[in-house]
1. Quick check on this structure: which one of Ser158, Ser140 is of a type in the set (S, T, N, Q), touching a helix residue (DSSP H, G or I) at 6+ places or on another chain (Cβ under 9 Å) and free of Cβ contacts under 8 Å to residues at least 60 places away in the same chain?
2. Pick from Thr103, Thr108, Thr188: which is assigned to a strand (DSSP E or B), modelled with pLDDT under 95 and closer than 24 Å to Lys33 by Cα?
3. Taking the condition of being touching a Ser or Thr at 6+ places or on another chain (Cβ under 8 Å), part of a strand (DSSP E or B), among the charged types (D, E, K, R) and surrounded by fewer than 17 Cβ atoms within 10 Å (Cβ to Cβ), how many residues in region 26-78 meet it?
4. I need a count of the residues in region 1-15 that are under 11 Å from Arg74 (Cβ atoms) and open to solvent by less than 50 Å² (accessible area, probe 1.4 Å).
5. Cβ-Cβ under 6 Å, sequence separation 6+ or interchain: first residue in region 83-98 and within 16 Å of Phe113 (Cβ to Cβ), partner assigned to a loop (DSSP other than H, G, I, E, B) and aromatic (Phe, Trp, Tyr). Which pairs?
6. If the Cβ limit is 8 Å and pairs must be 6+ apart or interchain, which residue in region 105-120 that is in contact (Cβ under 8 Å) with a residue 40 or more places away in the chain and under 16 Å from Thr180 (Cβ atoms) pairs with which residue that is open to solvent by less than 10 Å² (accessible area, probe 1.4 Å) and among the polar types (S, T, N, Q)?
7. Can you name every residue in region 79-100 that is among the acidic types (Asp, Glu) and either open to solvent by less than 10 Å² (accessible area, probe 1.4 Å) or part of a strand (DSSP E or B) (or both)?
Amino acid sequence: GIMKDYPVCLTADSPATKLALDGLDLSWEENDKIRITATASDNDSGTAELTVYSIDESDNGKAVFSGFVNMTSRPEDCYFTYPASNTIIDTDPSTGKMTAYLTKQTGTHQPFFYGYSEYNEAGMPVSLNHIGAMLEINVSASEVAFISFLGNEKEVLSPVIVDPKTGKYESPSQPNVQITVPRQNGNTYILVPPFLFEKGFTLILSDVQGK
């Protein structure tokens, strides 16, 4: 078949409508990108990075992302991930399931989002869902360089697999039981995996030497 550019136009609510942290401005910015993985029933698939076309401040910061996905067949299912890097969240085109590498966090308040829509060239309003909850940590001790998060029953933390059509989460077979982020000046944020920590969790503060 001949490859063709199919237009993609995605409307996404402001992240702030999904998350409220004291004094934290969470909104789409002009340089934000969303990754699309589009699939068709003949196993054809394509990926692209969608860029911000417009941000409507009068409508709670709702943003329109646009771009083209190059495929031989017309897209049928569209999977959306943010941040746009597939080393952070990767979509398997054969199943539509997404793997989120929560160990790739940087300690900033950047959320991890996923969404799904059937393809519509006229535009797709997509509800983006958070992966996990944001934990806000304020550490004043300047010698702290890293903050680690772990479950008290050594729960599997990363990567996390999600089916965007059902919202159901799975744990991987090879677990990473700790998430470590660099301490930020001011507040540091850890995206907590979307699991029930029945025995609670522990935060470990380390200096540059890991002590």
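The values are calculated or read from the model by the stated rules, or taken from the named source; none is laboratory data. Bear in mind that the values here come from a model prediction, so they are computed numbers and not experimental data. Don't worry about glycine lacking a Cβ; one is built from the backbone with ideal geometry, like all the others, and counts go over all protein chains shown. For accessibility, only protein heavy atoms count, side chains too; no ligands or nucleic acids. Shrake-Rupley method; radii C 1.70, N 1.55, O 1.52, S 1.80 Å.
1. Exactly one residue qualifies, and that residue is Ser158.
2. Working: Thr103 fails: assigned to a strand (DSSP E or B); Thr108 fails: assigned to a strand (DSSP E or B).
When all the criteria are applied, what remains is Thr188.
3. Qualifying residue count for the region: 1.
4. Here the count works out to 1.
5. Ile88/Tyr101
6. Gly107/Thr188
7. Selection gives Asp90 alone.
Residue-by-condition table, conditions (1) small (Gly, Ala, Ser); (2) surrounded by 16 or more Cβ atoms within 10 Å (Cβ to Cβ); (3) in contact with a strand residue (DSSP E or B) (Cβ under 7 Å, 6 or more places away or on another chain); (4) at positive phi:
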site: Gly151; (1), (2), (3), (4): yes, yes, yes, no
site: Val162; (1), (2), (3), (4): no, yes, yes, no
site: Glu170; (1), (2), (3), (4): no, no, yes, no
site: Val181; (1), (2), (3), (4): no, yes, yes, no
site: Gln209; (1), (2), (3), (4): no, no, no, no
